[in-house]
Amino acid sequence: MEILIHGTKDGYKILFKTTEFPKVFSIGELRLEGVENNRATVGSDFFSISFSHNGCIISKGICVWDEVRRAIGNIIFSIYIPNGKQLIGSEVKTLLDELCGKYVFEFITDGNISNKQEDWSLFESIANQYALQTNSSDDIENYQLGKGEAAYIYYQDEIELLKYLDKPYQREYSAFKQVFLVDNKFNKKEENPLNVIRHDMSGNLTGKKVLENMPFKLNYESKNGVKIEVYVNGNLAKINSNIKPNDDVEIIWSKPYCKTENSPKEKLKDSINNFDLDRIGNKVSVKNKDLNPIIYPFELNYPNINIHKNDEIDLYFNGNIRKVENNTLNITEEELQNKCHVKAKKGNLTSAVKEIRINSDKTIELVLKEPKLVKFVIHDEFEYPKYNCTIQIKNKHIQPVNGEVLFEGDEISKEWNVRISNSGYDHIDYPCLPENVKDDIHLTLHKKQNSQQKPIEQTIIKTETPWYKETRNILWFLMGLVIIASSYSIYFFEFKEESTVYPIENSNYTNGIELKKEKLDEIKKDCNKSNKETEKSLFEKLWPFEANENGNQENNNQNCNGIENAIAIREAINLGNIDILKGMKYSDEQSVFKEAIIRIQKENIKLISDTLRLNKVSDLNLNEVADRIDKALKELMRDSTNKEAIKKETITQIPDEPTEKSTPINQPKVKKESKPVETKQENVNKNNFEKEFYKLIKKEDVKQIEFENLYKNYKIKPNVDTEMLTCLKELATNKKTFGKFKNIAIVDIIAINNLEKLNKCLKK
């Protein structure tokens, strides 16, 4: 602890100072000039508070009689408390009392101070018994030494004095060199120490009620996304900063998409509506507020119907019914950050879906009409239906589903551009006015010119001039016969051969892995058409020169057989007929699928058949179907392995009971303790219930009544799995849950061996 002892001893001087005591401290001559040498003040004491550039100095002084000078003087004991350190008020007073008391006892007699030599180690040892505590950084204040003459405060009692010593950093002190704390018992008395020490006579701070303006620690906590900002005397204040009751405060509450609120600028002591004061703990907390969202009102208008009070019009906002008051829809600014859609319904009348944005017109017109359903039926050039087309309508909120488009409200009277597209075909742009549509709209897609699959070219035969018109002479007749014979020879040997050739790309397709039904039907149609063209006419049968078309006909028959084989493979896949697939012929490109079929054992044929039949595999190629088969077989193998492991674990857990034959002859038999009958029965209930539950789960075409019967049977029995019983009750009584169960794929049903997997399948 750093201390300083100074005063008047044969003139003012510093008597003792520790090395770290601030050098900047200079209290000056405290003796009041022109004071009468009245011994009435001898023995009167006082305290003082002053500041250095990096801490505060607290002192205690006592009035004495300087025998050498034959005049009133004083001696003062000071301690230094740097910023970031503290010593509570009671310890400050105790330390200063001990220093002052020790000096009076040792070196002052009847109030007289003499030139007796002091032993300052006594005072240093007293100071070293007190240790400063560390303050948090938020409590550090830094005041400079004031320039004004000393001020003073009269304290009423020791309790009030301790409060002043406990909180020395007060803004009211910063303008003065120091502030004297004088006992009120000396007020207006002859022995008042202020009568003999220099000070500002008008600097009475007693009426300022400094203690009532003690600082509070600021605290606030943002909740529900509300941001809080506190300004003290115009400056932004942080948490744990000091605020005094007389400080000007202002609070701002803000939140995105909400109205900002400001408190009035007023004294902290007057702002009780916005702060909670804890005077015991010296804390002040900001009250939280729930801010109102910024709302944009939109007026609703129904131009084609008359609105009456009893009309019930449901307004749908983003798919949910939104309450409307006074025909006004209120939408928050936060909602308008994303797309907002509004739609109205009244009975069988509906409006079109309207999109709303922040800058939209504040009047929304919703035309209520009966909806109009328009269906688009798409074919290709060969009149085959196309199911996987993409149908898009510009500026339409809800796009078509399965070729069906629902037009609502004022959409019905507008013309829409409908675009139909499919891979490998030129798209179609079709203008559609819904109110004029009476039947389904049939449209035809055409192959793109650069498509790999080209239509079969047909040879056109030009007809020659009839021979009977040239009858003028026999020469011309014979020449005509020669020309006709030559033409038919060319037809049979060249053109006829070309028209019966089966396209090579179709042959590649039937030996590939795609085998889509629509494509196979198209190829078969071309094949039948080609066969029909190769039949001989009567003239051809009578013609003596037979064209060599056996090679072409043989090649055509072979390719047609290939299309029949490919169609049979696809039909067997879609029907899940494994036996037929095992007997089919496959090309090298189809070897992956062939090997997958071969891997199917006899006991797994029904499972794989159900997997193919119940799952949509018609759009999958052969390799993708093979992957489905392999996954189903792996699930079966994993399930079988788990069951075998459980079986082995059960067997290993059954202890070997010694038989009666193994009991030694000379040792009496120990009677076994039998388990309670009901415990054994309860275990039977548990095992039987679990077994019957999973048996129902894996049963083909199970009915909901079967789940009901199982639930009624076990809900009254003890020691059954409650979680499993709850799941059974849901399947037995809830049609929606049972419907979800019926939609689970066969391959997933087979893999279910615990409740976690079952619940996961029901949530898909």
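The values are calculated or read from the model by the stated rules, or taken from the named source; none is laboratory data. These numbers were taken from a predicted model, which means no experiment stands behind them. Cβ coordinates were reconstructed from backbone atoms using ideal geometry, including for glycine residues, and neighbour counts include every protein chain displayed. Heads up: the accessible areas ignore ligands, DNA and RNA and are worked out on the full protein's heavy atoms, side chains in. Shrake-Rupley method; radii C 1.70, N 1.55, O 1.52, S 1.80 Å.
How big, on average over all directions, is the shadow cast by the Cα convex hull of the range 38-185, in nm²?
Computed as one quarter of the Cα hull surface, the answer is 9.6 nm².
The range 396-434 and the range 744-764 have their alpha-carbon centroids 39 Å apart. Ordered from longest to shortest, the equivalent ellipsoid semi-axes for the range 317-387 are 35, 17, 10 Å, each the square root of 5 times a Cα gyration tensor eigenvalue. Look at where the Cα atoms of the range 584-635 and of the range 192-221 average out, and the two centres are 95 Å apart.
Using equal-weight Cα scatterers in the Debye expression, the normalised intensity of the range 407-446 in log10 at q = 0.14, 0.20, 0.29 Å⁻¹ is -0.37, -0.67, -1.01. Taking every Cα-Cα distance in the range 252-397 and sorting them into 10 Å bins starting at zero, the pair-distance distribution P(r) comes out as 8, 25, 19, 16, 14, 9, 4, 2, 1, 0 percent.
Relative to the compact-globule estimate of 2.2 N^0.38 Å, the Cα radius of gyration of the range 567-625 comes out at 1.01. For Lys185, a cut-off of 23 angstrom between C-alpha atoms picks up these lysines, skipping any fewer than 8 places away in its own chain: Lys60, Lys93, Lys163, Lys167, Lys208, Lys209. With all protein chains kept in place, the per residue accessible area of the range 121-279 amounts to 55 square angstrom at a probe of 1.4 angstrom.
Students often forget the sequence filter, so: which lysines lie under 21 Å Cα-Cα from Lys289 once same-chain residues fewer than 8 apart are removed? The reachable lysines, counting only those whose Cα sits under 21 Å from Lys289, are Lys217, Lys223, Lys227, Lys238, Lys255, Lys259, Lys265, Lys267, Lys269.
Cross-link partners for Lys735 among the lysines, with Cα-Cα distance under 22 Å and sequence neighbours closer than 8 places in the same chain left out: Lys695, Lys698, Lys699, Lys703, Lys712, Lys715, Lys757, Lys760, Lys763, Lys764.
Within the accessible area of the range 135-214, what % is carbon and sulfur when the probe is 1.4 Å and the other protein chains stay in place?
The value for the range 135-214 is 47 percent carbon and sulfur by accessible area.
With the convex hull constructed from alpha-carbon coordinates only, the range 151-279 shows a mean projected area of 9.8 nm² over all directions.
Overall, the range 208-251 carries a charge dipole of about 140 debye about its Cα centre when +1 sits on the Cβ of Lys and Arg and -1 on the Cβ of Asp and Glu, all other atoms neutral. In the assembled protein chains, Val230 presents an accessible area of approximately 0 Å² (probe radius 1.4 Å).
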